[in-house]
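The values are calculated or read from the model by the stated rules, or taken from the named source; none is laboratory data. Predicted, not measured: the structure shown is a model, and the values here were computed from it. As a convention, Cβ positions derive from the backbone with ideal geometry for all residues, glycine included, and neighbour counts pool all protein chains shown. Accessible surface areas use protein heavy atoms only, side chains included; no ligands, DNA or RNA. Shrake-Rupley method; radii C 1.70, N 1.55, O 1.52, S 1.80 Å.
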Amino acid sequence: MKKNLINFMTNTQRLKNNIDAFYDLLGDSTTVFAHILKLYLKNSLTPSEDIELQLKERFDQLNHIELTADGLRRDIESILYEKTLVPDLRSDLLKLIEDVDVLINLQQACAFNLINETPHIPYVYHDDILSLQSTVASSADHLINACRAFMRDQNQVRDHVHNVIFVESEADKLSTAMKKKVFSSDLELAEKIHIRYFIERIDMVANHAEDIADSLAIYAIKRSL
């Protein structure tokens, strides 16, 4: 089964290129979302038209990434359905691509809500939320490594999956600590709830990355049998 996957990927260059490009877009989305979050927090302290313009440009960039990812996903799915492949293996690959696409969508949706709902996030929480985002982005990076390993060297999948799970637990710790800090403050309840919403939306990316990593570990075990 493992040899079947490797030979299939080797002989299908278009599919291989599309999958690699697709995983690149996940990395791009976390980078762009990090820029959006930093710009938003900076603008909340010192509003300016220049920062507003940069925010719009970054959000447009993230939208383009999401649309490009959707197009690649559909093309990958078409190729997989056209090729002769063990149904179980094809199902695993399709599910993996669809789940990774959700990670990009989660970040696009969070950025959209951030810009449109304009939550008040006091300066005292800026470092905390940026630290959370950085940790969440790290979990996505480890997941990308795990996904690439699944296509090339499944012996490495377990190590990368472990990294995803470890980093996700760190993100959970940061998220929990920040929510406790927010709710013990003197902010209005509505403001606390609004900030909590965005903490959880950011952390959701790491949670979903862990879910994908768990599934990926199972896929790799099946391929090694």
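Restricted to segment 174-225, and to residues that are of a type in the set (Val, Ile, Thr) and at pLDDT 95 or above, which residue is farthest from Ser131 (Cα to Cα)? Give the steps one after another, and end with the answer.
Keep residues of segment 174-225 that are of a type in the set (Val, Ile, Thr), which gives 176, 182, 193, 195, 199, 202, 205, 212, 218, 221.
Of the ones still in play, those that are also at pLDDT 95 or above are 176, 182, 193, 195, 199, 202, 205, 212.
On the way: Thr176: 13, Val182: 15, Ile193: 20, Ile195: 15, Ile199: 11, Ile202: 11, Val205: 14, Ile212: 22 Å.
So, considering only residues that are of a type in the set (Val, Ile, Thr) and at pLDDT 95 or above, the one farthest from Ser131 (Cα to Cα) is Ile212.
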Problem set entry | Inter-residue pairs, beta-carbon under 9 Å, first open to solvent by 70 Å² or more (accessible area, probe 1.4 Å) and at pLDDT 95 or above and in segment 33-47, second outside any helix (DSSP H, G or I) and among the hydroxyl-bearing types (Ser, Thr, Tyr), 6+ apart | Lys42/Ser48
Exercise. Only one of (1) modelled with pLDDT of 90 or more; (2) out of contact with any helix residue (DSSP H, G or I) (no Cβ under 6 Å at 6 or more places or on another chain); (3) β-branched (Val, Ile, Thr) is not met by Ile97, so which one is it?
Worked result: (2)
Exercise. Using beta carbons and a limit of 6 Å, which pairs, at least six apart or on different chains, have the first residue in segment 105-122 and in a helix (DSSP H, G or I) and the second one among the β-branched types (Val, Ile, Thr) and modelled with pLDDT of 95 or more?
Worked result: Leu106/Val205; Ala111/Ile36
For this session: Kindly provide the set of residues from segment 155-208 that are buried (at least 19 other Cβ atoms within 10 Å of the Cβ) and among the acidic types (Asp, Glu), ordered by number.
Result: Glu168, Asp203
Seminar exercise, completed: For segment 89-103, pairs from a residue that is without any contact (Cβ under 8 Å) to a residue 12 or more places away in the chain to a residue that is crowded, with 18+ Cβ neighbours inside 10 Å, with Cβ under 6 Å and 6 or more apart or across chains, are Arg90/Leu80
Problem set entry | Residues located in segment 118-154, provided they are modelled with pLDDT of 95 or more and either open to solvent by 60 Å² or more (accessible area, probe 1.4 Å) or out of contact with any helix residue (DSSP H, G or I) (no Cβ under 8 Å at 6 or more places or on another chain) (or both) | Thr118, His120, Pro122, Tyr123, Val124, Asp127, Ser134, Asp141, Asn145
Exercise. What are the residues in segment 209-225 that are of a type outside the set (A, V, I, L, M) and open to solvent by 30 Å² or more (accessible area, probe 1.4 Å), if any?
Worked result: Glu210, Asp211, Asp214, Ser215, Lys222, Ser224
For this session: Test Arg90 against the criterion of being basic (Lys, Arg), outside any loop (DSSP other than H, G, I, E, B) and over 13 Å from Leu26 (Cα atoms), and give yes or no.
Result: yes
Problem set entry | Any pair with Cβ under 9 angstrom, 6 or more apart, that starts in segment 201-225 at a residue that is in contact (Cβ under 8 Å) with a residue 40 or more places away in the chain and ends at one that is open to solvent by 50 Å² or more (accessible area, probe 1.4 Å) and outside any helix (DSSP H, G or I) | Lys222/Met1; Arg223/Met1; Ser224/Met1; Leu225/Met1
